[in-house]
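Presented below is the structure to which this report refers.
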Amino acid sequence: MSKVVKFGGSSLASAEQFKKVGDIIKADRERRYVVPSAPGKRFSDDIKVTDMLYSCYAAAAGEDAEKKMAAEMDGIKARYQEIIDGLGVKVSLADDFEKIGEDFLKQVGKDYAASRGEYLNGKIMAAYLGWDFIDSAEVIKFHENGEFDAAKTNDILKERLKESVHAVIPGFYGSLPDGTIKTFSRGGSDITGSIVARACKADVYENWTDVSGVLVADPRIIENPEPIETITYKELRELSYMGFSVLHEDAIFPVRTEGIPINIKNTNAPQDKGTWIVESTCQKSKYVITGVAGKKGFCSINIEKDMMNGEIGFGRKVLQAFEDNGISFEHMPSGIDTMTVFVHQDEFLHKEQQVVSAIHRMANPDNIDIEADLALVAVVGRGMKSARGTAGRIFSALAHANVNVKMIDQGSSELNIIIGVANDDFDTAIKAIYDIFVLSRI
């Protein structure tokens, strides 16, 4: 067997955490490839190295750039030196910092600046383990338009990994065809780990973080929520989109093509089983629902027109108004004479009148009504398909909690139910749904 292991920023924030990671890696000889993030926060008021790099890069563009940049860079050097000294490893980053400083003054790009956190941490990790170091810029490739080039990356990385029994590949970044550094979105080290797992056809992709797996609900809303033992790719995709942040939502796709399971583990409690993310399973969920999550900050545009259902192309005309203004929609429940479009409020706010005018011009509706400050709650679970009365329980729980439901949308897969509520009712809605399915288990 072979395993790819990715460690998040909190797992590599200090020398003490680095040692925990080293012990985890050495405890299992099947852990062959490591994907490190940049050092995260050591304590609640600390600053992540990636954010320090952004500040340093910004300082390199202003007045007295070299002096201000040097002051910012000293703080970053100190963070890494603290780790190096704590590990007692013989590695120097002096040449790397000199080149980074030169490139910052040349303003080579924010993506380059952000990527150096993973790059430097990868060098320390490789030296600490005595493993090969593979610069992700050489093996993770993007198209000229900035889209990830999955096919080319897989071919290059697969051949490169054949040369290394053990290697460290920094997360978060790759390169464009001209060699310019390009990063994934924040949290993109998860994606790198998944890409590496696919390239080497790993048996397991372990993603180590500071929690013991995926939880049924957000711990900021629910006190000590139950952990999820097994979850499918589809379920996690739905929950990640709605705010679950334990794993980057795009990290699912590379391993999904190879059927590689992901195991979310806790660096500070390696003995915990964690959560298994799989393509499919015959294991039943502990509860009818697998998880409940949501997001605030939506608004709804309700369009009314008599005999709408008989007018060919009406929906296309309405959506064209949003497309022409560069606004994507989230959900679109409809009735016989009405259709409602849910969009992100911050995207829509400064273009609302242009969109309304466009809808009138293209679709000639009878009335348009806009409602702001809404939240969407997703109730997800493969067990809902075989459990009768799931929707009834949800709405009964919400009614009992005095939560007014603004919208209901259920996919044909019966994997999830989306509910629209007021922003102010968001936490109450999550608690009510969690209570009825997890605490009461009815």
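Consider V211 carefully, then state whether it is aliphatic (A, V, I, L, M), more than 23 Å from M1 (Cβ to Cβ), out of contact with any Phe, Trp or Tyr (no Cβ under 6 Å at 6 or more places or on another chain) and open to solvent by 50 Å² or more (accessible area, probe 1.4 Å). Yes: the conditions hold for V211. Looking across region 164-205, the residues that are open to solvent by 40 Å² or more (accessible area, probe 1.4 Å) and modelled with pLDDT under 95 come down to S185, R186, G187.
Scanning region 4-27 for residues that are of a type in the set (D, E, K, R) and either open to solvent by less than 30 Å² (accessible area, probe 1.4 Å) or in contact with a Gly (Cβ under 6 Å, 6 or more places away or on another chain) (or both) turns up just one, K6.
Tallying residues that are of a type in the set (A, V, I, L, M, F, W, C), closer than 16 Å to I25 by Cα and not in a helix (DSSP H, G or I) within region 118-148 yields 2. Taking Y54, is it of a type in the set (F, W, Y), under 23 Å from T192 (Cβ atoms) and in contact with a Leu (Cβ under 9 Å, 6 or more places away or on another chain)? So Y54 does not fit the description; no.
Checking the structure you have, find out if any residue of region 34-52 is assigned to a helix (DSSP H, G or I) and out of contact with any helix residue (DSSP H, G or I) (no Cβ under 8 Å at 6 or more places or on another chain). Yes, region 34-52 contains at least one residue that is assigned to a helix (DSSP H, G or I) and out of contact with any helix residue (DSSP H, G or I) (no Cβ under 8 Å at 6 or more places or on another chain).
The residue that is nearest to V49 (Cα to Cα), among those in region 121-135 that are in contact (Cβ under 8 Å) with a residue 60 or more places away in the chain and open to solvent by 10 Å² or more (accessible area, probe 1.4 Å), is Y128.
Scanning region 199-228 for residues that are more than 16 Å from I433 (Cβ to Cβ) and of a type in the set (V, I, T) returns V204, T209, V211, V214.
Those helices (runs of 4 or more DSSP H) of region 328-442 in which at least 3 residues are within 16 Å of T290 (Cα to Cα), considering only elements entirely within it, cover 390-400, 426-434.
Looking only at region 426-441, decide whether some residue is closer than 27 Å to I303 by Cα, touching a Phe, Trp or Tyr at 6+ places or on another chain (Cβ under 8 Å) and touching a residue at least 60 places away in the same chain (Cβ under 8 Å). There is no residue in region 426-441 that is closer than 27 Å to I303 by Cα, touching a Phe, Trp or Tyr at 6+ places or on another chain (Cβ under 8 Å) and touching a residue at least 60 places away in the same chain (Cβ under 8 Å).
Filtering K273, K265, K284 for residues that are closer than 24 Å to M1 by Cβ and open to solvent by 40 Å² or more (accessible area, probe 1.4 Å) leaves a single hit, K273. Look at region 1-25: where a residue is over 20 Å from G213 (Cβ atoms) and a partner is in a helix (DSSP H, G or I) and acidic (D, E), sitting 6+ places away or on another chain with Cβ atoms under 8 Å, you get S14/E82; A15/E82; A15/D85.
Of all the numbered requirements in (1) open to solvent by 20 Å² or more (accessible area, probe 1.4 Å); (2) without any contact (Cβ under 8 Å) to a residue 40 or more places away in the chain; (3) over 23 Å from L236 (Cα atoms); (4) over 25 Å from the mean Cα position of the chain (by Cα), M339 misses one, and that requirement is (1). Of all the residues in region 297-312, those that are touching a helix residue (DSSP H, G or I) at 6+ places or on another chain (Cβ under 9 Å) and open to solvent by less than 50 Å² (accessible area, probe 1.4 Å) number 7. If you filter region 287-313 down to residues that are hydrophobic (A, V, I, L, M, F, W, C) and in a loop (DSSP other than H, G, I, E, B), you find that the one that is farthest from K351 (Cα to Cα) is V288. For first residues located in region 321-333 and open to solvent by 70 Å² or more (accessible area, probe 1.4 Å), partners that are in a helix (DSSP H, G or I) and among the aromatic types (F, W, Y) and lie 6+ apart or on another chain with Cβ distances below 8 Å form the pairs F329/F322. Taken together, the residues in region 220-254 that are assigned to a loop (DSSP other than H, G, I, E, B), surrounded by fewer than 21 Cβ atoms within 10 Å (Cβ to Cβ) and either modelled with pLDDT of 90 or more or aromatic (F, W, Y) (or both) amount to 8. So, in region 343-383, of the ones that are under 30 Å from A432 (Cα atoms) and of a type in the set (G, A, S), which residue ends up most open to solvent (accessible area, probe 1.4 Å)? The extreme case among them is A372. Looking for something in a helix (DSSP H, G or I) and in contact with a Gly (Cβ under 6 Å, 6 or more places away or on another chain) - is there at least one such residue anywhere in region 53-60? For region 53-60, residues in a helix (DSSP H, G or I) and in contact with a Gly (Cβ under 6 Å, 6 or more places away or on another chain): present.
Between D95, D64, the distinction of being over 19 Å from T183 (Cβ atoms), out of contact with any Lys or Arg (no Cβ under 8 Å at 6 or more places or on another chain), modelled with pLDDT under 95 and not β-branched (V, I, T) belongs to D64 only. For Y54, are the conditions met, namely being in contact (Cβ under 8 Å) with a residue 24 or more places away in the chain, under 23 Å from D210 (Cβ atoms) and open to solvent by 20 Å² or more (accessible area, probe 1.4 Å)? Yes.
The values are calculated or read from the model by the stated rules, or taken from the named source; none is laboratory data. Please read these numbers as outputs of a predicted model, since none were measured by experiment. Cβ: placed from backbone, ideal geometry, glycine included. Neighbour counts: every protein chain shown. Side chains included, ligands, DNA and RNA excluded: accessible areas come from the protein's heavy atoms. Shrake-Rupley method; radii C 1.70, N 1.55, O 1.52, S 1.80 Å.
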